Every structure is written in structure tokens, then in C-alpha cells.
Amino acid sequence: MKKVDFKALILFENTDYLVINKPPYLSSLDDRHEAQNILDLAKMHTADAQLCHRLDKETSGCLVIAKNPAAYRHLAMQFENRKVNKVYHAVVEGIKEYEQLLVDRNLIASAKGVAKVSKEGKPAQTVFHTMKTYRAHSLIECRPITGRLHQIRVHLAYLQSPICGDELYGGRPLYLSSLKRRFNLKKETEELPIMQRVSLHAFSIGFEGLDGKEIIVNAPYPKDFQVLVNQLEKNS
């Protein structure tokens, strides 16, 4: 992966917090297999930087970084008390009409980092709302109330609406040939999925700053997610 320009990722900054638009494929924390990660890049920008939460490596979007210990503690308390408003957008399989649907299903994670619905698991709630339906897919707004591992992905799979490209939880890659009626692939060429990762983006985050004022930040879609949505629009 080419060297990341950290300043170009910044969506919001004040004396206490940074909110960045995390690119896909970049780890939040130290990853033995990667030369760079968000935390190291943030510390080069601000020595006391601490990540206030994490996003899966493949997931893009809003990630909050505290610039000092007081800011970190302030937001940690908000996460603990479920006062942070997080909104994700996901492209799922099928035509789904969800009207502020609450999924309240406990989740348990295996030692290998795979989550599943289980009565023995920890409480997990997500609210789903359909933003738009296409010919065979839907764009879904996801609001996680809790913050369990792979929560949105597992809850959507539970609803039989797996996220496109999420092969771990039953989602299939989405190819242009399945959307376009007249699609010609060059001979001897292997078709690649429109989006080569889980179709999930952390679109928005809202929390309270140290001064008591609300901070709300939206992250524009990265190129691959925007291309996918554009293709769905064009071919629906």
C-alpha cells in the first residue's frame, strides 16, 4: 500500500479530537503484516494520539482519534454509556424494506475472530433502515447501539441480508456482469468484483466534545463504494 497522506484523511479537527475518513485496507492498530497503520500515522501528527474505537481493516469511514488523555476519557465514557451515534451504510443482497428495524440478538465471538448469534453471547442491538432498493440489492443505513465484533455484518446475515462481498458471513462478491444485461468481458480476462471488500462504510459519527457541544462528522464514500452505488443506480 502506498504511503498514506494522513492530513488528507482529516475530516474534522479541534484541540481535542481528530475525525478521519479511514481508507479501506488500512489497519487501525499495529498489524505485523503492514508497514503503516492509523495509530502510528496519528502519533506522527499528534504525539499523544489515541484511537477512541476501531474499524475493521476492510471498513472505510469515520474514525475518532483523541489528541489528549482527557479527550480520550471523555469519549470512552460516552461509548460506555452508548451516547455515541454511529451510522454505517451497507450494500446488501436482495430487496429489503426495513423501517427502523431493531435487531436485538446476542453475539459471541470465537477465538478466531468470527462472531455468531448466540444466547450465550453478549447483548447486541442494531437498527436497520432501507435507504434505497435496486433491482436485486438494497442500500441500508445501520445504526449500532452496542459495539460488538462484526455486529452489523452478523445481524444483517441473521436477517438473510448479507453484505455484498462479505464472504465470511454469507455475502457474495458483486460483479458488473450480474448487473449489466449486455456485459462483454475481454477474452482471457478474469472478471473482478466491482468492490473487492465488504461493502460497508462508517458514514457518520456524533459525540459530545469536552466543551459540551455536539460534534457530528460525515465521511464521503471512498471511490470503490461510490462506484458500486453508481453501478446499482445505473442498472436498477
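The values are calculated or read from the model by the stated rules, or taken from the named source; none is laboratory data. The structure displayed is predicted, hence computed values, not measured ones. Cβ sites come from the backbone with ideal geometry, for glycine too, and all protein chains shown count toward neighbours. Quick note on the areas: whole protein, heavy atoms, side chains included, nothing else; ligands and nucleic acids left out. Shrake-Rupley method; radii C 1.70, N 1.55, O 1.52, S 1.80 Å.
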Within segment 166-195, restricting to residues that are over 17 Å from ASN235 (Cβ atoms) and modelled with pLDDT of 95 or more, the one that is farthest from the chain's Cα centre (by Cα) is GLY170
When every residue in segment 52-108 that is acidic (Asp, Glu) and within 30 Å of LEU179 (Cβ to Cβ) is compared, the one surrounded by the fewest Cβ atoms within 10 Å (Cβ to Cβ) is GLU99
So, first residue under 14 Å from SER138 (Cα atoms) in segment 219-236, second residue of a type in the set (Phe, Trp, Tyr) and crowded, with 17+ Cβ neighbours inside 10 Å, Cβ within less than 6 Å, six or more apart or across chains; the pairs are LEU232/TYR134; SER236/TYR134
task = Test ILE205 against the stated conditions and say whether it is assigned to a strand (DSSP E or B), crowded, with 18+ Cβ neighbours inside 10 Å and within 15 Å of the chain's Cα centre (by Cα).
result = yes
Note on LEU174: of the conditions (1) in contact (Cβ under 8 Å) with a residue 24 or more places away in the chain; (2) hydrophobic (A, V, I, L, M, F, W, C); (3) more than 26 Å from LEU9 (Cα to Cα); (4) assigned to a helix (DSSP H, G or I), unmet is (4)
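A quick yes/no check of all residues on (1) in contact with a helix residue (DSSP H, G or I) (Cβ under 6 Å, 6 or more places away or on another chain); (2) at pLDDT 95 or above; (3) within 30 Å of ILE140 (Cα to Cα):
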position: PHE6; (1), (2), (3): yes, yes, yes
position: ASP48; (1), (2), (3): no, yes, no
position: ALA71; (1), (2), (3): no, yes, no
position: LYS86; (1), (2), (3): no, yes, yes
position: HIS89; (1), (2), (3): no, yes, yes
position: ILE108; (1), (2), (3): no, yes, yes
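Looking only at residues that are among the acidic types (Asp, Glu) and not in a strand (DSSP E or B) in segment 94-146, which one is nearest to GLN231 (Cα to Cα)?
Ranking the candidates gives GLU97 first.
Residues are listed down the side, and each one gets a yes or a no for (1) free of Cβ contacts under 8 Å to residues at least 60 places away in the same chain; (2) farther than 20 Å from VAL19 by Cβ; (3) of a type outside the set (Gly, Ala, Ser):
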site: ILE145; (1), (2), (3): no, yes, yes
site: PHE183; (1), (2), (3): yes, yes, yes
site: HIS201; (1), (2), (3): no, no, yes
site: PHE207; (1), (2), (3): no, no, yes
Of the listed residues (LYS7, LYS3), the one being charged (D, E, K, R), outside any strand (DSSP E or B) and under 30 Å from LYS213 (Cα atoms) is LYS7
query = If you go through segment 21-40 one residue at a time, do you hit one that is closer than 23 Å to LEU200 by Cα, open to solvent by less than 20 Å² (accessible area, probe 1.4 Å), touching a Gly at 6+ places or on another chain (Cβ under 8 Å) and in a strand (DSSP E or B)?
reply = yes
